[in-house]
Amino acid sequence: MKDSLKPGIKYSFSFTITKSKLVPALYPESDEFQEMPNVFATGYMVGLIEWTCIQAIKPHLNWPEEQTVGIHMDASHVAATPAGLTVTVKINLVEVDGKRLVFDFEAHDNIDIITRGKHERFIINKEKFDNRINDKLKKVGI
């Protein structure tokens, strides 16, 4: 991690919602999801928040050797967003505690605030992380 990784980093990212990011697309295997409204899925919203945080801090890491993984998400999802609207996520890095990073975030779809919350990420060494995942797979014979 570089010395520039400090609280106060702010970043904004916009993404236009497509049909592939709606609730029925989240788990196509789910009959229940297929019957739900065609709106931006909470699961994809969480991913968009994570993506925004990664983009914000990537220049402050020794990428790709250092990366981050999400370890906690505290998010509301208070407004529905149909395909075609653009969601803008704004993040603020509020805490750096060793390798743990804490972000405040908010997102809107140009009509409503759709979410607010906190997100935590942890800095990892990609090679070591991948080795641990491979060891885990070996333990179960995969």
To the nearest Å, what is the center-to-center distance of the range 1-52 and the range 65-122, using C-alpha atoms only?
9 Å
Specify the residue with the greatest mean-square fluctuation among Ser12, Ser76, Ser30, computed from a Gaussian network of the chain linking alpha-carbon atoms under 10 Å apart.
Ser30
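Which of the three applies to the range 1-59, rounded, prolate or oblate, going by the alpha-carbon gyration tensor with a ≥ b ≥ c and a/c under 1.5 meaning rounded? Kindly include the intermediate steps, with their values, before the conclusion.
Working: a/c = 4.26, a/b = 3.07, b/c = 1.39.
It comes out prolate by the Cα gyration axes.
Where Lys and Arg each count +1 and Asp and Glu each count -1, what net charge lies around Phe13 among other residues with Cβ under 13 Å from its Cβ? Spell out each step's value before the answer.
Working: positive: Lys10, Lys58, Lys90; negative: Glu50, Glu106.
Residues close to Phe13 contribute a combined charge of +1.
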Quick calc, the chain, dipole around Cα centre from Cβ unit charges on Lys, Arg (+) and Asp, Glu (-), nearest 20 debye, gives 540 debye
Of the options Ser12, Ile123, Ser30, report the single residue whose Cα projects farthest towards the positive end of the charge dipole of the chain (beta-carbon charges: Lys, Arg +1; Asp, Glu -1).
Ile123
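Please compute the net charge surrounding Ile133, taking Lys and Arg as +1 and Asp and Glu as -1 over other residues with Cβ under 15 Å from its Cβ. Numbers along the way, then the final one.
Working: positive: Lys126, Lys128, Arg132, Lys136, Lys138, Lys139; negative: Glu127, Asp130, Asp135.
Net local charge, Ile133 excluded: +3.
Quickly estimate the mean residue ellipticity at 222 nm for the chain, helices only: each DSSP H run with n ≥ 4 gives -39500 (n - 2.57), and the total goes over all residues, rounded to 500.
It comes out at -7500 deg cm²/dmol, rounded to the nearest 500.
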What is the set of long-range amide H partners of His77 at a cut-off below 5 Å, with H atoms built 1.01 Å from backbone N?
none
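Every read-out reported here was derived from the displayed coordinates using simple, explicitly stated rules and does not represent laboratory data. Keep in mind the model is a prediction, meaning the values are calculated, not measured. Ideal geometry is used to build each Cβ from the backbone, glycine not excepted, and the neighbour counts take in all protein chains shown.
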